Amino acid sequence: MVFEVLAWLSLVGFGARLCVIDIAEHRLPNRLVLLLAILSTTFLAGAAALASDPGRFVRASVSGALCIAALLALALFVPSGLGMGDVKLGFVTGLFLGWLGWGWVYWGTFIGFALGASVALFVMIRRRGTWFTAIPFGPCMLLGVLVCAVIAAV
């Protein structure tokens with residue numbers, strides 16, 4: 001329980017900092033994403049070990065790998081669509097969504113992309129950008145995870 005709480009606190013703490021940076025500078029610093037990935041993986045592995053539930057950690061790890069692979073494919077297919085910081089953050093978001101369960105991987109990813117599309121649409125409606133205007137996608141991804149975590153907790 002303690003390790004799981006530490007993992008979620010690291011996601012919220014580092015995630016908040018990453019959101020501020022991404023909104024201001026349209027980038028996700030490698031050092032912060034890597035540190036978040038290391039801490040999250042370590043804490044969730046500890047939580048699974050203490051709970052004698054290694055399958056949950058395996059599911060989370062596979063989910064993280066699948067998310068980063070899918071986002072990398074998307075970034076390579078549409079280079080102007082996603083930044084590599086978003087791709088790397090995909091491991092962390094996939095890790096936490098996989099920790100919640102396979103269904104949450106779908107819903108968290110869907111919510112993240114829906115939020116990103118909503119932000120882009122809002123920017124275009126306000127005539128502050130076009131179809132090709134870059135938006136900070138990291139906050140949308142992280143918010144998708146947090147929405148799923150809150151719903152899963154109730």
At R0 = 25 Å the Cβ-Cβ FRET efficiency linking residue 53 and residue 154, nearest 0.05, sits at 0.70
Placing one equal point scatterer on each C-alpha of region 103-154 and summing with Debye, one gets log10 I(q)/I(0) at q = 0.14 Å⁻¹ equal to -0.39
Env charge @ residue 137, Cβ radius under 9 Å, K,R +1 / D,E -1, value -2
In order over region 144-154: 3J(HN,Hα) from phi, Karplus 6.51/-1.76/1.60, θ = phi - 60°, whole Hz, x for each Gly or Pro, gives x, 5, 5, 4, 5, 4, 5, 5, 5, 6, 8
Length gained, residue 32-residue 20, 0.36 nm per residue minus C-alpha separation, equals 3.1 nm
Per the rule of 0.36 nm per residue minus the C-alpha distance, extending residue 130 to residue 72 adds in nm 18.5 nm
Once the dipole of the chain is set up from charges on Cβ (+1 Lys and Arg, -1 Asp and Glu), the residue from the list 45, 115, 57 lying farthest towards its positive end is 115
Computed D for the chain, Stokes-Einstein, Kirkwood radius over alpha-carbon pairs, 4 °C, 1.567 mPa s, to the nearest µm² per second, is 83
Rounded to whole angstrom, the alpha-carbon centroid of region 124-148 lies from that of region 1-56 at a distance of 21
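Throughout, read-outs are computed from the coordinates displayed, never taken from laboratory work. Source: prediction; values computed, not measured. Cβ coordinates were reconstructed from backbone atoms using ideal geometry, including for glycine residues, and neighbour counts include every protein chain displayed.
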